[in-house]
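Student: Just dropping this structure here.
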Amino acid sequence: MAAYLDILEFVALLLRAASFSAMALCAGGVLFLVFVSRSVTRGVNSGIRRWTIRFSILMAAIEILRVTINSFVLYQQRELH
């Protein structure tokens, strides 16, 4: 069971890295929309908005999965001791 928990902790670490990546892309999209996209055509602007929304949803899904895995690992570690 300890090896299984180590694998889950590694997956949680990878999810944390993916969360930081999605957060950077989401924040970059928002900042681009606010400061740069005023001079960009409407088609490009809607594409940027669409990708920003996708990365926001991805970040939320990753965070939910990460919290679930961390909760499971903590619960199992409590059972081992």
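Just so it is clear, none of the values below were taken in a lab; they were calculated from the coordinates. All of these numbers come straight from a predicted model, not from anything done at the bench. Neighbour counts run over all protein chains shown; Cβ positions are idealised from the backbone, glycine included.
Student: How much length would be gained if the chain were fully extended between Leu74 and Met23, taking 0.36 nm per residue of separation minus their Cα-Cα distance, in nm to one decimal?
Tutor: 15.9 nm
Student: Work out the FRET efficiency for Leu14 and Ser46 from their Cβ-Cβ distance, taking R0 = 30 Å, and round it to the nearest 0.05.
Tutor: 0.40
Student: So what's Rg/Rh here for the chain, counting alpha carbon atoms and using the Kirkwood radius for Rh?
Tutor: Dividing the radius of gyration by the Kirkwood radius yields 1.23.
Student: Just rank Leu5, Leu74, fewest to most, by other beta-carbon atoms within 10 angstrom.
Tutor: Starting with the residue having the fewest Cβ neighbours, the order is Leu74, Leu5.
Student: Something else now. Using 0.36 nm times the number of residues separating Ala2 and Leu65, minus their current alpha carbon distance, what extension gain do you get?
Tutor: Between Ala2 and Leu65, full extension yields an extra 20.6 nm.
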